[in-house]
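Asker: One structure is given below, represented as structure tokens, and several questions about it will come after.
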Amino acid sequence: MKSPLLTLPGAVPAEGVDEGVAAHYGDLFREQRALADGTGFVDLSHRGVVTVTGPERLGWLHLLLTQHVSELPPHQATEALILSAHGHIEHALYLVDDGETVWAHVEPGTQEALIAYLESMKFFYRVEVADRTADVAVVHLPAGSIAEVPEGVVVRETPYGRDLFLPRADLESYAGKAGPPAGILAHEALRVEQHRPRLGFETDHRTIPHELGWIGGAVHLQKGCYRGQETVARVQNLGRPPRRLVFLHLDGSEVHLPTPGTEIRLADDGPDGRRIGFVTTSARHHELGPVALALIKRNVPVDARLIAGETAAAQETIVEP
């Protein structure tokens, strides 16, 4: 779904999963600094929007999600996962309940598969699931923003800012009032700085929540059964995950960033050494320089010097080994 804000001055379209919104509006670092200062907004209108209504919506979702939502207070933001039977991450939902409806935004293009799964689990519960992507757009306001929120718009407020579920028809008019636009690359750079994983970027077909530090934030360890819980409990109680998410400070003398999937090795072993992980997201940060998130083997020493492709990298622990 192509955003009308791509017609704004300087807009350069994003590619890949984030196609449909702007990568940037001509000045990546200025846009990052604006977001860090609590000004401007990010157009996330390419993300999927799913709603669940009905009197049993919270109790029903509680049975399916990794998060404790049966007593979720109105307007309190949370996030949750849906796992496979083997505990691998399939969906990530960013939720808020407005007292009548649960609103969730999800990765672009994943809403159809999510809805198909939810529909298959309705049974006799009094719930209705709907794809609202065509008429509702997600807009992100950074932490500290004083931008006005239109009356009646559902807001998901987090430590990182506010996600607005805005009528898509109002997107252009709201952009004119919300301050300078920032592209998805600025938003991603701050996400990397904040060590926040993203489905499809930090995950692959075998990722489990412990590897990404999603325990607590998106996975509640004291709730009832859900699909994949056995894996979560086993890793929590008996072992450690096979991989761990790390933050990388990359050599700033390199012209090109290592792309997602770039293999990581121990620096002492050189570029022909054993593969110990891979880059998941890389970005140029306005203060930190080139940085990345990566998944590496759990037993790699926390002080080991790494190389991503041919780029030297110093690791910072996110998930303890």
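The values are calculated or read from the model by the stated rules, or taken from the named source; none is laboratory data. In this text the structure is predicted, and so the values were computed from the model without any measurement. Here the Cβ positions follow ideal geometry from the backbone for every residue, glycine too, while neighbour counts run over all protein chains shown. Side chains are part of the model used for accessible areas, which takes the heavy atoms of the whole protein and leaves out ligands, DNA and RNA. Shrake-Rupley method; radii C 1.70, N 1.55, O 1.52, S 1.80 Å.
Asker: Determine whether GLY216 is open to solvent by 20 Å² or more (accessible area, probe 1.4 Å), under 18 Å from the mean Cα position of the chain (by Cα) and of a type in the set (Gly, Ala, Ser).
Answerer: Numbers: open to solvent by 20 Å² or more (accessible area, probe 1.4 Å): yes; under 18 Å from the mean Cα position of the chain (by Cα): yes; of a type in the set (Gly, Ala, Ser): yes.
Spelling it out, GLY216 is indeed open to solvent by 20 Å² or more (accessible area, probe 1.4 Å), under 18 Å from the mean Cα position of the chain (by Cα) and of a type in the set (Gly, Ala, Ser).
Asker: If I filter segment 166-178 for residues that are under 20 Å from the mean Cα position of the chain (by Cα), of a type in the set (A, V, I, L, M, F, W, C) and open to solvent by less than 30 Å² (accessible area, probe 1.4 Å), do I get at least one hit? Steps first, answer last, please.
Answerer: Pass one, segment 166-178, residues under 20 Å from the mean Cα position of the chain (by Cα): 166.
Okay, now just the ones that are also of a type in the set (A, V, I, L, M, F, W, C), so 166.
Narrowing further to those that are open to solvent by less than 30 Å² (accessible area, probe 1.4 Å): 166.
Yes; the residues of segment 166-178 include at least one that is under 20 Å from the mean Cα position of the chain (by Cα), of a type in the set (A, V, I, L, M, F, W, C) and open to solvent by less than 30 Å² (accessible area, probe 1.4 Å).
Asker: While we're here: Suppose we keep only residues that are in a loop (DSSP other than H, G, I, E, B) and among the aliphatic types (A, V, I, L, M) within segment 117-134. Which one would you say is surrounded by the most Cβ atoms within 10 Å (Cβ to Cβ)? It would help to see each step written out before you state the result.
Answerer: As a first pass, look at segment 117-134 and keep what is in a loop (DSSP other than H, G, I, E, B): 121-127, 132-134.
Those still in the list that are among the aliphatic types (A, V, I, L, M) too: 121, 127, 134.
Values: MET121: 15, VAL127: 21, ALA134: 9.
In this case the residue turns out to be VAL127.
Asker: Oh, and also: Among the residues of segment 98-130, write down those that are of a type in the set (Val, Ile, Thr) and closer than 11 Å to GLY48 by Cα.
Answerer: Just the residues of segment 98-130 that are of a type in the set (Val, Ile, Thr), to begin with: 101-102, 106, 110, 115, 127, 129.
Within segment 98-130, VAL106, THR110, ILE115 meet the criteria.
Asker: Tell me which residues, restricted to segment 164-194, are within 30 Å of ARG234 (Cα to Cα) and part of a loop (DSSP other than H, G, I, E, B).
Answerer: If the condition is that a residue be within 30 Å of ARG234 (Cα to Cα) and part of a loop (DSSP other than H, G, I, E, B), then GLN194 is the only one that fits.
Asker: Another one. Can we say THR280 is open to solvent by less than 50 Å² (accessible area, probe 1.4 Å), under 19 Å from the mean Cα position of the chain (by Cα), closer than 18 Å to PHE201 by Cα and modelled with pLDDT of 95 or more?
Answerer: For THR280, the condition - open to solvent by less than 50 Å² (accessible area, probe 1.4 Å), under 19 Å from the mean Cα position of the chain (by Cα), closer than 18 Å to PHE201 by Cα and modelled with pLDDT of 95 or more - is met.
Asker: So, in segment 91-114, how many residues would count as being surrounded by fewer than 17 Cβ atoms within 10 Å (Cβ to Cβ) and farther than 20 Å from PHE201 by Cβ? Spell out how you get there, then give the answer.
Answerer: Residues of segment 91-114 that are surrounded by fewer than 17 Cβ atoms within 10 Å (Cβ to Cβ), as a first pass: 98-100, 109, 112-113.
When the remaining residues are screened for being farther than 20 Å from PHE201 by Cβ, the result is 98-100.
Summing the residues that are surrounded by fewer than 17 Cβ atoms within 10 Å (Cβ to Cβ) and farther than 20 Å from PHE201 by Cβ in segment 91-114 gives 3.
Quick grid of which residues meet (1) within 20 Å of ALA22 (Cβ to Cβ); (2) in contact (Cβ under 8 Å) with a residue 40 or more places away in the chain; (3) open to solvent by 20 Å² or more (accessible area, probe 1.4 Å):
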{"site": "VAL136", "(1), (2), (3)": "yes, yes, no"}
{"site": "GLY144", "(1), (2), (3)": "no, yes, yes"}
{"site": "GLU151", "(1), (2), (3)": "no, no, yes"}
{"site": "ARG156", "(1), (2), (3)": "no, yes, no"}
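Asker: For segment 3-36, which positions are open to solvent by 50 Å² or more (accessible area, probe 1.4 Å), part of a helix (DSSP H, G or I) and in contact with a Pro (Cβ under 9 Å, 6 or more places away or on another chain)?
Answerer: If the condition is that a residue be open to solvent by 50 Å² or more (accessible area, probe 1.4 Å), part of a helix (DSSP H, G or I) and in contact with a Pro (Cβ under 9 Å, 6 or more places away or on another chain), then VAL17, ARG30, ALA36 are the ones that fit.
A quick yes/no check of all residues on (1) assigned to a loop (DSSP other than H, G, I, E, B); (2) open to solvent by 20 Å² or more (accessible area, probe 1.4 Å); (3) small (Gly, Ala, Ser); (4) within 22 Å of LEU288 (Cα to Cα):
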residue: ARG196; (1), (2), (3), (4): yes, yes, no, yes
residue: HIS205; (1), (2), (3), (4): yes, yes, no, no
residue: GLU211; (1), (2), (3), (4): no, no, no, no
residue: LEU221; (1), (2), (3), (4): yes, yes, no, no
residue: GLU230; (1), (2), (3), (4): no, yes, no, no
residue: LEU245; (1), (2), (3), (4): no, no, no, yes
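Asker: Check whether at least one residue in segment 71-82 is farther than 15 Å from ARG156 by Cα, free of Cβ contacts under 8 Å to residues at least 24 places away in the same chain and either open to solvent by less than 50 Å² (accessible area, probe 1.4 Å) or out of contact with any Pro (no Cβ under 7 Å at 6 or more places or on another chain) (or both), and report yes or no.
Answerer: yes
Asker: Restricting attention to segment 252-266, which residues are more than 23 Å from the chain's Cα centre (by Cα) and either modelled with pLDDT of 95 or more or hydroxyl-bearing (Ser, Thr, Tyr) (or both)? So that I can check it myself, show each step before the final result.
Answerer: Pass one, segment 252-266, residues more than 23 Å from the chain's Cα centre (by Cα): 252-256, 265-266.
If the condition is that a residue be more than 23 Å from the chain's Cα centre (by Cα) and either modelled with pLDDT of 95 or more or hydroxyl-bearing (Ser, Thr, Tyr) (or both), then SER253, ARG265, LEU266 are the ones that fit.
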